[in-house]
Amino acid sequence: MKAIRWLLMGVLALAGCAKNPSPIGEWKGMAALPDQDSVTAIVDITKVGTRWAGQFDLPYHGLEDYPLEISVTGSQVHLYFAGPEAEFQGALSRDGRALSGTATLSDGMKVPLTFRRVGDAQLSEMFWKLERAADDSSLVVRLSPDGAELRAQFNADRDKTRLLMLLSPT
Amino acid sequence: MQDSVLAVVDSLAALPHDLAVYAVWEPIFRTDNEPAARKATILLPSVRVKNYWVGSQDFGKTFNGCIGLASGVAWDVYLVYLPGRVWDGATPPVPDDFMHQLGDQLPVEKNLDGGKLRMMLEPVAEDQR
């Protein structure tokens, strides 16, 4: 009986080792671009509820806390960098300390890139405030395709001066 | 979102008159979606602002004719409507004035300038008092 228990514990331990490592954390990578200085990217990845969320810095370009679109399938990680419109597709190493793959720049150029885990994700208070807002459906009115809700409000405010702004959220 | 936009909206909060402000968030970039629009509202904290999300660029295109935009989608534009203007049909009314950040797609003298935008709104405030 004791032997079976030890055997079961061993199997469970092995199963734990086989589990995919998590990309949650802070990562630093350096891409060598042709005819340019190498570019360092710092990426912070976390999970908010069931969805992935994060931010990135590109210090060379003066970008800080820019939104990062993240998808994770097993050990495969895809990142989309808003702003520079670059993508990264890579795989986590078995020990979860490296994320290696290819970055595709906005002009289609592909460069090899490896991120190294440097610690826990460093996310600002504003990041968490924004992430909470992302889940709050009361913050925006969803317009019908013909904008009926806005038209009704616009006409209800007809005695006022009105400023209507058409904007991209990112 | 550009800092100039935030500066404009911050300055609106200080305007003393009755002004209605609508922010319509549109899907222009790949990362633009409804959760991103909800996040953006945090950056426009003025109580004057009513926020809307529209899931297609078609709605923005209905504004093209109002401001003389020949192609593309009207976005990063700021339309001023004076009291009395009514939105009757499917097409939005022509604004009394507007500003933009669409480069050479629209007149350069209409490039967004927070100070000028305030001036478009303030004289009316004097009349309304």
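Bear in mind that the values in this text are calculations on the coordinates, not laboratory data. This one's a predicted model, so the numbers in the text were calculated from it and none came from an experiment. Heads up, the Cβs are rebuilt from the backbone with ideal geometry, glycines too, and the neighbour counts pull from every protein chain shown.
For the reader, a short list of remarks on this structure follows.
- About the centre of its Cα atoms, the protein assembly as shown shows a dipole size close to 1480 debye [charges on the beta carbon of Lys, Arg (+1) and Asp, Glu (-1) only; nearest 20 debye].
- Of B:H100, A:H78, A:H61, the sequence from fewest to most neighbouring Cβ atoms within 10 angstrom is A:H61, A:H78, B:H100.
- Distance-filtered residues of region B:38-57 - backbone nitrogen under 20 Å, label point 7 angstrom along A:S137 Cα→Cβ: B:38-42, B:51-56
- For A:A134, net neighbour charge (Lys/Arg +1, Asp/Glu -1) across residues whose Cβ lies under 11 Å away: +1
- Modelled spin labels at A:R51 and B:N111, positioned 7 Å past Cα toward Cβ, are 3.6 nm from each other.
- Rg(Cα)/(2.2 N^0.38 Å) for region A:98-170, N = residue count: 1.90
- Rounded to 0.05, the FRET efficiency of the B:E122 and B:V94 pair, given R0 = 22 Å and the Cβ-Cβ distance, is 0.55.
- Rounded, prolate or oblate (a/c below 1.5 giving rounded, otherwise prolate when a/b exceeds b/c) for the protein assembly as shown by Cα gyration tensor: prolate
- Annotation: the residues B:Y81, A:Y80, B:Y52, sorted from fewest to most other C-beta atoms within 10 Å of their own C-beta, follow the order A:Y80, B:Y52, B:Y81.
- Between A:D35 and A:D107, the contour length at 0.36 nm per residue exceeds the Cα-Cα span by 24.5 nm.
- Most positive-pole-ward Cα, B:I42, B:Q57, A:G147, against dipole of the protein assembly as shown from beta carbon charges: B:I42
- Whether region B:60-123 is rounded, prolate or oblate, judged on the alpha carbon gyration tensor where a/c under 1.5 counts as rounded: oblate
- Residue-span extension gain [B:S71 to B:R48] - 0.36 nm each, minus C-alpha spacing: 5.2 nm
- Listed cross-link partners B:K50/B:K116; A:K160/B:K61; A:K160/B:K116; A:K129/B:K110 are compared with a 27 Å cut-off, the Cα-Cα value being larger for A:K129/B:K110.
- Cβ charges +1 (Lys, Arg) and -1 (Asp, Glu), total dipole of region A:20-127, debye: 560
- Overall shape: oblate for chain A, with the ratio a/c of the largest to smallest alpha carbon gyration tensor axis at 1.5 or above and b/c at least equal to a/b.
- Cα→Cβ-extended label distance, 7 Å offset, between A:K28 and B:T62, nm: 5.2
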